[in-house]
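Quick notes on the structure that follows.
Derivation of every value follows stated rules applied to the coordinates shown; laboratory data play no part. Keep in mind the model is a prediction, meaning the values are calculated, not measured. FYI the Cβ positions are ideal-geometry reconstructions off the backbone, even for glycines, and counts take in every protein chain you see.
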Amino acid sequence: MKDSCKDLVSRALGSSVSRRRFLQMLALSGAAAAVPGSLLRAATAGAEIGYEEAFEVFRNACPRNCYDSCSIKTFVKDGVIQFVEGASESSFTAGGLCVKGYAYPRRVYSPDRIKYPMLQVGRGSGNWKRLSWEEAIDRIAGKILEINEKDGNLLGLALDKYSGNFGITHYGVEGMMSSLGYTTRFVGTPCWPAGIDAQNYDTGEMWCNDPEDMVESKYIIVWGANPAWCSVHSMKFIFEAQRRGAKLVVIDPVFTQTAAKADLYIQVDTAGDGALALGMARHLLDKGKIDRRFVTEHALGFEDFANYLRQNVTLEWAAEESGVPVPVIRQLAEEFAAADPATVWIGYGMQRHTNGGASVRAIDALVAMTGNIGKVGGGARYGHLRTWGFNYNAMVNSAPEGAVGMVDGAGIKGDFHFIGEGGAKYTDRPLNMNQLGREILQTQDPQIRMLWLACRNPFSQDPDTALLKKAFDTLEMVVVVDQFFTKSVEQADIVLPHTTLFEEYTVNVGYWHYWLSLNEQAIQPMYESKSDVQIAALLSRRMNELKPGSCTFPTELDTRKWMEKEFNQGIYDLFGLNSWEDLRQGPAKAKIPSSAAWHDFKFKTPSGKYEFSSALAAEHGHKALPEYRPKRAATAPLRLLTPHSKFSLHSQFQNLDFMEDFNPEPLVYIHPATARARGIGDGDQVRVFNRLGDARLKARLTDNVSADVLLMYEAWFRNSDFNVQNLLDDESADMGAYKTGAPGIATHDQFADVERA
Ligand SMILES: Nc1nc2c(c(=O)[nH]1)N[C@H]1C(S)=C(S)[C@@H](COP(=O)(O)OP(=O)(O)OC[C@H]3O[C@@H](n4cnc5c(=O)[nH]c(N)nc54)[C@H](O)[C@@H]3O)O[C@H]1N2
Ligand SMILES: Nc1nc2c(c(=O)[nH]1)N[C@H]1C(S)=C(S)[C@@H](COP(=O)(O)OP(=O)(O)OC[C@H]3O[C@@H](n4cnc5c(=O)[nH]c(N)nc54)[C@H](O)[C@@H]3O)O[C@H]1N2
Ligand SMILES: [Mo]
């Protein structure tokens, strides 16, 4: 019986991880809320055993930096991954994955993976030579000791790590650095800091409703987010709300795939969102459509805000700044106030501006004054870190005895955690991650001599490639731990091969939904790859051989035991678990008293109330009120937007053969009128350029973008020198330093022009 079942399954599958199956998955995925297992279930219907029994099934979790943090089921046969699907036990993942998720087996078995430690003779030369792990680690350890000898400290050794893998044990990379001594850390995040600070001023913490409760919403504004691509699993909740009668509004300068699903699409002028929100607020004030109870009982400073609106904001001004006509502003405001509950999804895309934090505060204020904070189906949804209470065991290490660092450093604020605080005499040296090139070039006493990159790809993800190249040229050694020969690996001396998520144990939560997933090792590590923490252990062993006591990191480790060390009673209680092993049965959801953030109105601000007026914001050099902050002045005729692609997660996935089939080459989207004025036709080769650099690619004419916008999606196409970062500068966003240690980055306040190539 088992054999006939296998036959059925293999007929359903075609050859393992077949292109046909991928096509089916692709057709089913995305906004259409797939249940891909249904293909297989249909194929096995009537068989006496389920298709799962033909395979060894493992629990995995997508560790990418993404809203959806999917719970995965992995099907293995003879030690080889046959296919993956979304876990049906999670009502968020609900049995489906995104396009990229279904392509995971192609990533694991890609012939392009880095297989061994390698040395590049001449950065950028491509002249790679294989090293043994011993040789590679010996060179690295030797260099670290040399730096310590030369400078008397290790501040010349810098770490730049971000979001390649958010598995909790990967914070062991930070732990590795701490165990060597006091080092330089690139802090902050390129992603969401302005909005984080904004929400901290308003409510005292970034906290959002459970996205699954959007089904209860009567009015949903998706404001500068593109979930049809960037959070595909959220779309089913939005569709269900629409089915129950809710109206969906999308506000974006680009007519995105999410906008295509909206009942009302508003093409706002880029960075004009604050003005639009304030115009809506002014109109509601004039109409008396304010939730008096909320603003008097649960808020501070509403009258000051109302005075600001009366004195400084008119609908005409708001229309001028935002490009949204007065009648539309009125309609939007009235509909939003009339619906109960109404919610705004505040996207990360819309706050990557020099006025992004101020815009988020204005939108928060709109949601608050209409009484939608603390309500099921309501809320100003941005993100949360309420499920991240792990031990960070791999991260907590003390410096070796006698180590020297910054004397009066203020302590480093990382993305989710604090390092080096608590009375340490010395601290690490924090530098701004969003100005990597500039910081490397400027930093002295001591200069940065050596850079360790893990979970980070600055040559694809950071601004100003030319500046970055100049900065890297000053470094004495660059080590990159990665899976593919990325653009940053091209600028490395030593590359160390990393496992994929299927080759190690870890544990994952999300910053959007409330689920927890176990990540089991499903297959043996490919080639000679190792996990970040195993690499740290190897380095520690060699450091201690060369100079006993020079590194406090453990010298042996097993990723499963390290994953186990992350759990504590708090996590067990929050998720209703007796042991982490319960997660083998499927992901678990946090037992939250209400799906609504701030349901008890106990805000974490200094006043304990929602703060329309924040003294803390003023203390940090911002306006106390959510006042409008003018847009960045243009530096070239057109706005350049470089948001996220359906087929990649930043620099990941687009390099896989399956993605190339669907998205073979980069394109720049241009409004027909803008193109006509420059003699550009659809499909022409063009050059997008500004004072920093250029990019050559094919033009696609579309009125999905407004006439003042050029749109190119960020992505790494292997075998192509296309790079959006050639054209971006490192201008900061207005907020972010309070909670993440460095301001955010104005990724979408960039300017360029275009001509026929
Ligand atoms: N122009 C432009 N730039 C942007 C953005 C934009 O919208 N436009 N978005 C910004 C945003 S929101 C973000 S979050 C950042 C993302 O910036 P990054 O976090 O740098 O981006 P990723 O490409 O996701 O991951 C970096 C690298 O980690 C590697 N990696 C994956 N898993 C592991 C692992 O387990 N260990 C190690 N050592 N490496 C691993 C991947 O192969 C990849 O090369 O980019 C920012 N940059
Ligand atoms: N497929 C896929 N999914 C992803 C990612 C990915 O790279 N690919 N990245 C993940 C990560 S790290 C993040 S941070 C999230 C990001 O998720 P999102 O915030 O949804 O995505 P972005 O592409 O950063 O930006 C969303 C939208 O903001 C718009 N935008 C830009 N400037 C403005 C503005 O001034 N006003 C308004 N109203 N809109 C503006 C852009 O046109 C874009 O459509 O997605 C996550 N999910
Ligand atoms: Mo991000």
### Task
Please report how far the C-alpha centroid of the stretch 245-262 lies from that of the stretch 689-743, rounded to the nearest whole angstrom.
22 Å
### Summary
quick note, the stretch 638-756, DSSP beta bridge pairs, % antiparallel (nearest 5) is 70 percent
### Query
How long are the three semi-axes of the equivalent ellipsoid of the stretch 583-660, in whole Å, if each is the root of 5 times an eigenvalue of the C-alpha gyration tensor, listed from largest down?
36, 32, 9
### Query
Ranked by Cβ crowding within 10 angstrom, fewest neighbours first, how are Ser231, Ser607, Ser132 ordered?
Ser132, Ser607, Ser231
### Task
Using θ = phi - 60° and the Karplus relation 6.51 cos²θ - 1.76 cosθ + 1.60, list the HN-Hα couplings for the stretch 629-641 in order, rounded to whole Hz, with x at every Gly or Pro.
10, x, 6, 5, 5, 5, 10, 7, x, 10, 7, 10, 10
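Sorted from largest to smallest, which semi-axis lengths in Å does the alpha carbon gyration tensor of the stretch 193-382 give for its equivalent ellipsoid, taking the root of 5 times each eigenvalue?
23, 18, 16
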#### Entry: Residue among Ala141, Phe55, Gly204 farthest towards the positive dipole end of the chain, charges placed on Cβ
Phe55
### Task
Note down the magnitude of the dipole of the chain about its Cα centre, charges +1 on Lys and Arg C-beta and -1 on Asp and Glu C-beta and zero elsewhere, to the nearest 20 debye.
960 debye
### Message
Quick one: 3J(HN,Hα) in Hz for the stretch 153-169, Karplus 6.51/-1.76/1.60 with θ = phi - 60°, rounded, Gly and Pro as x.
### Response
7, 10, 5, x, 9, 10, 10, 10, 9, 9, 10, x, 8, 8, x, 4, 5
### Message
Please list 3J(HN,Hα) in residue order for the stretch 644-658, calculated via the Karplus relation 6.51 cos²θ - 1.76 cosθ + 1.60 where θ = phi - 60°; whole Hz, with x for glycine and proline.
### Response
8, 9, 5, 8, 9, 10, 6, 8, 9, 5, 4, 7, 7, 4, 4
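Listed here are the pairs Lys150/Lys425; Lys73/Lys565; Lys247/Lys602; Lys150/Lys547; Lys77/Lys530; which of them are more than 20 Å apart at the Cα?
Lys150/Lys425; Lys73/Lys565; Lys247/Lys602; Lys77/Lys530
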#### Entry: Burial ordering of Cys62, Cys208, fewest other beta-carbon atoms within 10 Å first
Cys208, Cys62
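Stokes-Einstein diffusion coefficient for the chain at 10 °C in a medium of 1.306 mPa s, Rh from the Kirkwood formula over Cα pairs: what value in µm²/s?
So the translational diffusion coefficient is about 59 µm²/s.
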### Task
Calculate, axis by axis, the spread of Cα positions in the stretch 638-756 along the three principal axes, and write the results as whole Å, longest axis first.
47, 35, 25
### Bridge type composition, the chain - antiparallel percent by DSSP, nearest 5
50 percent
### Query
Hey, fewest Cβ within 10 Å first, where do Trp229, Trp128, Trp192 land in order?
Trp128, Trp229, Trp192
### Summary
Across all Cα atoms of the stretch 643-701, Rg and the largest Cα-Cα distance (Dmax), in Å, are 13.3, 37
### Residue among Pro463, Pro606, Trp345 farthest towards the positive dipole end of the chain, charges placed on Cβ
Trp345
### Task
Select from Val404, Asn719, Ser531 the residue farthest towards the positive end of the dipole of the chain; place +1 on Cβ of Lys and Arg, -1 on Cβ of Asp and Glu, and compute about the Cα centre.
Asn719
### Task
Let me have the relative contact order for the stretch 525-592, percent, based on Cα pairs under 8 Å that are six or more residues apart.
23 percent
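Take every Cα pair under 8 Å in the stretch 124-224 that's 6+ residues apart, average their separations, divide by the length, and report that relative contact order as a whole percent.
Relative contact order comes out at 20 percent.
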### Query
At q = 0.14, 0.16, 0.17 Å⁻¹, what base-10 log of I(q)/I(0) does the Debye formula yield for the stretch 453-579 when every alpha carbon is treated as an equal point scatterer in vacuo?
-0.84, -1.00, -1.06
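Viscosity 1.002 mPa s, temperature 20 °C: Stokes-Einstein D of the stretch 546-678 from its Kirkwood Cα radius, in µm² per second? Don't jump to the answer; show the numbers that get you there.
Values: Rh = 22.9 Å.
Translational diffusion coefficient: 93 µm²/s.
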### Message
Relative contact order for the chain: what percent, with Cα pairs under 8 Å and sequence separation of 6 or more?
### Response
20 percent
